[in-house]
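> Would you mind keeping the following structure in view while I ask a few things?
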Amino acid sequence: MTTVPAIVAPSVEAPLEPGTVTRRAVGPKDVRIAIAWAGICHSDIHTVRGDWGPQTYPLTVGHEIAGTVAEVGAEVTKHAVGDRVGVGCMVNSCRECDACRAGLEQYCEKGNIQTYGGTDLDGTITQGGYSTEIVVDEDFVLRVPESIPYEKVAPLLCAGITTYSPLRHWNVGPGTRVAVVGLGGLGHMAVKIAHALGAEVTVLSRTLSKREDGLAMGASHYYATSDPATFTELKGSFDVILNTISQSLDTNAFLKLLALDGTFITVAASPEPIEIVEFTLQNNRRSIAASTIGGIAETQEMLDFCAEHGIAPEVEIIGAEQINEAWARVLASDVRFRFVIDAATFG
Ligand SMILES: [Zn+2]
Ligand SMILES: [Zn+2]
């Protein structure tokens, strides 16, 4: 075991502070990664603040990790020292259930092992990417194409795959009319990916303040949801609506924007229940669905797709000393469009 510098959450409400985490010794199938960049995801904040259930503290979060392989175990075949790699929201799964066998480790019947706050195979609580190093089983380490700017890689491992997976699953492509709700960390990736898939993309944001950004990312249309006229004008307009915002919203109003056989997909994680009027679903034979991250093979496919299409997140680079301020700004939706922490500042 080694102890490495990290940013830790000491308790459910205390600010983050510098500390350390312990990493296991590199096993035969393990890869030790020198972390270079760590993205900040809204889930990091939800988890630490106890929104999704109690945690064990101190806890180091972060599940958007980009780095370089520093050491490999004796039986590792997929990665070599010096390779540019990434780690996302999972670090292991049972590998035996139907979901795992289908490459859908995120839906592992025994529950995948989350990158932080999960219970690892050895019983310890997993600790995430706000640190200088991490040790991960090679099967849960992604290859990162060199053409993606290094400092922009990390957000692809959560925001990228979380939006790519449903867009692919619901067959978004040329001719699909897609609305992306929210232009934050997830939303801006959804716009770029849906556009690259050939869809006609509309952004539905609270205001028009990020309109120029959304159009530059590939959206053809941009509407403010604070304007009631938006919901009249766009009635029955979309094949797919991808909701990326964590706050609860008037789901019925958005459902009415779906065309025949349209699907409203949520990838957000609001703890609030969704209320649906059955008539709204019956009209136009609408569906409501949800999706969470993506499997390992699909995450690799997403990274290769982004490299091929020149897609990368818009990021603000920060140092560890700015992390509490950055979290406050994430909560205020004041980030363009994802914070990435330079891991060299962790200690
Ligand atoms: Zn995330
Ligand atoms: Zn499984």
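The values are calculated or read from the model by the stated rules, or taken from the named source; none is laboratory data. Being a predicted model, the structure only gives us computed values, none of them experimental. In this analysis, Cβ positions are derived from the backbone assuming ideal geometry, glycine residues included, and neighbour counts consider all displayed protein chains.
> Can you tell me which condition residue 79 does not meet? The list is (1) over 17 Å from the mean Cα position of the chain (by Cα); (2) within 16 Å of ligand 2 (Cβ to nearest atom), and all the others hold.
All conditions are met except number (2).
> Follow-up. Residues of the range 119-142 being touching a residue at least 40 places away in the same chain (Cβ under 8 Å), in a strand (DSSP E or B) and more than 25 Å from residue 319 (Cα to Cα), which ones?
125, 137
> Can you report the number of residues in the range 153-184 which are aromatic (Phe, Trp, Tyr) and surrounded by 24 or more Cβ atoms within 10 Å (Cβ to Cβ)? So that I can check it myself, show each step before the final result.
Our first condition is that a residue be aromatic (Phe, Trp, Tyr); within the range 153-184, this holds for 164, 170.
From the residues that got through so far, the ones that are surrounded by 24 or more Cβ atoms within 10 Å (Cβ to Cβ) too are 164.
The number of residues fulfilling the criteria is 1.
> Return a yes/no flag: does the range 103-118 have any residue that is closer than 21 Å to residue 6 by Cα, among the β-branched types (Val, Ile, Thr), part of a loop (DSSP other than H, G, I, E, B) and within 16 Å of ligand 1 (Cβ to nearest atom).
Of all residues in the range 103-118, those closer than 21 Å to residue 6 by Cα come to 113-118.
With among the β-branched types (Val, Ile, Thr) added as a condition, the list becomes 113, 115.
Still in the list and also part of a loop (DSSP other than H, G, I, E, B): 115.
Subsequent filtering for residues that are within 16 Å of ligand 1 (Cβ to nearest atom) retains 115.
Scanning the range 103-118, I find at least one residue that is closer than 21 Å to residue 6 by Cα, among the β-branched types (Val, Ile, Thr), part of a loop (DSSP other than H, G, I, E, B) and within 16 Å of ligand 1 (Cβ to nearest atom), so the answer is yes.
> Restricting to the range 199-233, count the residues that are in a helix (DSSP H, G or I) and within 18 Å of residue 311 (Cα to Cα). Give the steps one after another, and end with the answer.
Residues of the range 199-233 in a helix (DSSP H, G or I): 211-216, 228-233.
Cutting the leftovers down to within 18 Å of residue 311 (Cα to Cα) gives us 212-216.
So the count comes out to 5.
> Please go through the range 26-73 and pick out each residue that is among the hydrophobic types (A, V, I, L, M, F, W, C) and in contact with a Lys or Arg (Cβ under 9 Å, 6 or more places away or on another chain).
So the first thing to find is which residues in the range 26-73 are among the hydrophobic types (A, V, I, L, M, F, W, C), and the list is 26, 31, 33-38, 40-41, 45, 48, 52, 59, 61, 65-66, 69-70, 72.
Result: 26, 31, 36, 37, 40, 41, 66, 69, 70, 72.
> Just checking, how many residues over the range 143-165 are assigned to a strand (DSSP E or B) and under 21 Å from residue 269 (Cβ atoms)? I'd like the intermediate steps shown before the answer.
Initial filter on the range 143-165 (assigned to a strand (DSSP E or B)): 143.
Restricting the remaining residues to those that are under 21 Å from residue 269 (Cβ atoms) gives none.
Within the range 143-165, residues that are assigned to a strand (DSSP E or B) and under 21 Å from residue 269 (Cβ atoms) number 0.
> Determine the pairs where a residue that is within 18 Å of residue 162 (Cα to Cα), located within the range 98-110, has a partner that is near ligand 2 (Cβ under 6 Å from one of its atoms) and not in a loop (DSSP other than H, G, I, E, B) with Cβ atoms under 9 Å apart, the partner being 6 or more residues away or on another chain.
Sorted first by the residue in the range 98-110, then by its partner, the pairs are 105/99; 106/99; 107/99; 107/100; 108/99; 108/100.
> Helices (runs of 4 or more DSSP H) wholly in the range 235-347 with at least 1 residues that are in contact with a Lys or Arg (Cβ under 8 Å, 6 or more places away or on another chain), buried (at least 20 other Cβ atoms within 10 Å of the Cβ) and not assigned by TED's automatic domain parsing to the domain that holds residue 176 - which ones?
On the way: elements: 251-255, 278-282, 296-309, 323-331.
Passing ranges, in order: 296-309.
> Of the numbered conditions (1) in contact with a Leu (Cβ under 6 Å, 6 or more places away or on another chain); (2) closer than 21 Å to residue 269 by Cα; (3) basic (Lys, Arg), residue 168 fails exactly one; give the number of that condition.
With respect to (1) in contact with a Leu (Cβ under 6 Å, 6 or more places away or on another chain); (2) closer than 21 Å to residue 269 by Cα; (3) basic (Lys, Arg), residue 168 is out only on (1).
> Oh, and also: Which residues, taken from the range 67-102, are aliphatic (A, V, I, L, M) and within 16 Å of ligand 1 (Cβ to nearest atom)? Spell out the reasoning first.
We begin by selecting, within the range 67-102, every residue aliphatic (A, V, I, L, M); these are 69-70, 72, 74, 76, 80-81, 85, 87, 90-91, 99, 102.
Within the range 67-102, 87, 90, 91 qualify.
> Is there a residue in the range 22-43 that is closer than 21 Å to residue 155 by Cα, surrounded by fewer than 19 Cβ atoms within 10 Å (Cβ to Cβ) and more than 16 Å from ligand 2 (Cβ to nearest atom)? Explain how you work it out, then say what you get.
Initial filter on the range 22-43 (closer than 21 Å to residue 155 by Cα): 31-43.
Among the residues that remain, those that are also surrounded by fewer than 19 Cβ atoms within 10 Å (Cβ to Cβ) are: 34.
Filter once more, so that each one left must be more than 16 Å from ligand 2 (Cβ to nearest atom): 34.
Within the range 22-43, one or more residues are closer than 21 Å to residue 155 by Cα, surrounded by fewer than 19 Cβ atoms within 10 Å (Cβ to Cβ) and more than 16 Å from ligand 2 (Cβ to nearest atom).
> Just checking, which of 57, 150, 130 is buried (at least 24 other Cβ atoms within 10 Å of the Cβ), away from ligand 2 (no atom under 16 Å from the Cβ) and on the phi < 0 side of the Ramachandran plot?
The conditions single out 130.
> Of the conditions (1) without any contact (Cβ under 8 Å) to a residue 12 or more places away in the chain; (2) among the acidic types (Asp, Glu); (3) buried (at least 21 other Cβ atoms within 10 Å of the Cβ), residue 64 satisfies every one except a single condition; which number is it?
Unmet for residue 64, out of (1) without any contact (Cβ under 8 Å) to a residue 12 or more places away in the chain; (2) among the acidic types (Asp, Glu); (3) buried (at least 21 other Cβ atoms within 10 Å of the Cβ): (1).
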